[in-house]
1. Give all pairs with beta carbons closer than 7 Å in which a residue from region 80-94 that is surrounded by 13 or more Cβ atoms within 10 Å (Cβ to Cβ) meets a residue that is part of a helix (DSSP H, G or I); count only pairs at least 6 apart in sequence or on separate chains.
2. May I ask you to say which residue of Thr40, Thr16 is closer than 18 Å to Leu78 by Cβ and under 18 Å from the mean Cα position of the chain (by Cα)?
3. Please find, among Ala15, Ala47, Ala75, the residue that is open to solvent by 40 Å² or more (accessible area, probe 1.4 Å), of a type in the set (A, V, I, L, M), part of a helix (DSSP H, G or I) and farther than 25 Å from Gln95 by Cα.
4. Restricting attention to region 18-44, report how many residues are open to solvent by 80 Å² or more (accessible area, probe 1.4 Å) and not in a helix (DSSP H, G or I).
5. Among the residues of region 52-72, write down those that are aliphatic (A, V, I, L, M) and under 16 Å from Arg33 (Cβ atoms).
Amino acid sequence: MQIKITARHGQLSDATRQFIEEKAQKLLHYFTRLTMIEVTVDLKNDAQKKVEFLVSAEHKHDFVAHESHGDILAAVDLVMEKLERQLGRYKQKIQDHRRDPSTHEVTGAPAPEESGEE
């Protein structure tokens, strides 16, 4: 998995870059099929820093979250919460799809093999 961190209108300190990279690595705990994470930090406004995460997963699924906050680290934490929810919902959706009962089980009708002809 690749992590790309960019800053607009300024520079990020090494400690901030390291913090963002560690947080981004934690997304693999929620969904292991991630291919790339792009992080953009906009430092233009002194009062509000904008953080945006663009997470790409296998099979062309993208997850996007952005947040504004006065503190960059707090904004990263808020974005991480959003992404954790998105990834959790997506993972649950694809897992539930495989575990749905068949149509015959839901309706109570006998399966085609059980009907048998005499």
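The values are calculated or read from the model by the stated rules, or taken from the named source; none is laboratory data. For clarity, every value in this text was computed on a predicted model and none was experimentally measured. Reconstructed Cβ throughout: ideal geometry from the backbone, glycine too, with neighbour counts over all protein chains shown. The protein model used for the area step is the full one, side chains on, heavy atoms only, and it has no ligands, DNA or RNA in it. Shrake-Rupley method; radii C 1.70, N 1.55, O 1.52, S 1.80 Å.
1. Final answer for the pair search is Met80/Lys23; Leu83/Leu27; Leu87/Leu27.
2. Details: Thr16 fails: under 18 Å from the mean Cα position of the chain (by Cα).
Exactly one residue qualifies, and that residue is Thr40.
3. Values: Ala47 fails: part of a helix (DSSP H, G or I); Ala75 fails: open to solvent by 40 Å² or more (accessible area, probe 1.4 Å).
Being open to solvent by 40 Å² or more (accessible area, probe 1.4 Å), of a type in the set (A, V, I, L, M), part of a helix (DSSP H, G or I) and farther than 25 Å from Gln95 by Cα holds for just one of Ala15, Ala47, Ala75, which is Ala15.
4. So the answer is 4.
5. Leu54, Val55, Ala57
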